[in-house]
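The values are calculated or read from the model by the stated rules, or taken from the named source; none is laboratory data. Note that the coordinates shown come from a computational prediction; the quantities given were computed from them, not determined experimentally. Here the Cβ positions follow ideal geometry from the backbone for every residue, glycine too, while neighbour counts run over all protein chains shown. Just the protein is used for accessible areas: all its heavy atoms, side chains included, with ligands, DNA and RNA removed. Shrake-Rupley method; radii C 1.70, N 1.55, O 1.52, S 1.80 Å.
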Amino acid sequence: MKKKPVEIEWDKFRKKERKYRARRINKKRSDRAFEKIVPLRVQNALGSAFHKGFEAVFSEGDFLIGKTVSSNKHIDRYQSNAHKLALQQKRKNLRAFRKRAGATNRSNVLFSGAEGFALGLLGIGVPDIPLFIGNVLKSLYQIALDFGYDYSSEKERVFVLKLIHAALQTGSQFAETDADVDAFAEASAFSYSDEYKRGAMKEAANALSDNLLYAKFIQGIPVVGLTGGVLNMYCMNRITKYAALKYEKRFLRDQLKKRK
């Protein structure tokens with residue numbers, strides 16, 4: 001029997017996902033030599049700033065982030081793509097959602113780098129943390145909308161936290177957190193406790209802090225801190241690429257269910 005377009009796209013996606021997983025699992029953790037360079041008290045201060053910044057932005061910054069998400073624009077584009085797909089079940093129309101999310105990724109990665117470069121040139125490190133966190137959340141919210149998922153729902157907000165945590169892992173930790181992301185996405189109902197949600201927020205903040213601690217330290221040094229812009233882009237790219245992969249997986253799985 002001839003396969004449907006969505007079945008072909010699903011098969012291609014699964015191959016892509018397996019390659020991505022293999023790269024992340026086989027990748028060794030980056031050198032942590034900077035831990036010897038950055039004084040312990042500074043490490044603790046930066047770690048605390050990440051946790052406080054993340055909690056403040058995630059818990060109280062939705063209004064401000066919402067102003068920059070351009071929700072209507074992303075919703076309109078999703079609806080346009082969904083209408084074309086409803087009229088014609090073509091692979092081209094299925095891929096349109098992924099391409100839209102890819103464009104979102106690129107623009108936000110570049111913006112994150114530009115922000116990091118500018119603040120690094122001025123020697124501004126710690127104040128950049130809430131700005132970077134806000135940009136990460138904005139980017140993931142936009143990707144969610146590109147695939148037709150409402151980021152304001154309780155489950156989606158926790159899913160976003162899990163994406164950030166998993167995206168920044170390597171080796172066996174990635175295998176474990178990636179499996180957790182898939183299980184959470186497939187769960188039909190969301191009834192987790194407040195403690196569970198706080199734990200997800202802490203894990204996401206820990207992952208960001210662990211990966212950007214050095215960047216924010218050197219970003220506090222004028223001119224030299226330009227390197228912080230590069231690391232901002234690298235971290236943002238890892239998070240948004242992983243998020244786009246997982247949202248595409250959810251989208252294609254939902255399309256398969258509709259076609260049964």
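Brief remarks on what is shown
- When we screen I124, I65 for residues that are of a type outside the set (D, E, K, R), farther than 30 Å from L256 by Cα, at pLDDT below 75 and outside any helix (DSSP H, G or I), the only hit is I124.
- S209 being in contact (Cβ under 8 Å) with a residue 12 or more places away in the chain and over 15 Å from the mean Cα position of the chain (by Cα): no
- Any chance L168 is in contact (Cβ under 8 Å) with a residue 12 or more places away in the chain, touching a Phe, Trp or Tyr at 6+ places or on another chain (Cβ under 8 Å) and either crowded, with 19+ Cβ neighbours inside 10 Å or not hydroxyl-bearing (S, T, Y) (or both): no
Residues are listed down the side, and each one gets a yes or a no for (1) at pLDDT 95 or above; (2) open to solvent by 30 Å² or more (accessible area, probe 1.4 Å); (3) of a type in the set (D, E):
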position	(1), (2), (3)
S153	no, yes, no
E156	no, no, yes
A185	no, no, no
S191	no, yes, no
E203	no, yes, yes
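- Filtered residue count, segment 149-196, keeping only those that are among the β-branched types (V, I, T) and outside any helix (DSSP H, G or I): 1
Yes or no, residue by residue, for (1) in contact with a Phe, Trp or Tyr (Cβ under 6 Å, 6 or more places away or on another chain); (2) of a type in the set (K, R); (3) open to solvent by 60 Å² or more (accessible area, probe 1.4 Å); (4) modelled with pLDDT under 85:
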| site | (1), (2), (3), (4) |
| --- | --- |
| N93 | no, no, no, no |
| S107 | no, no, yes, yes |
| E115 | no, no, no, yes |
| L161 | no, no, no, no |
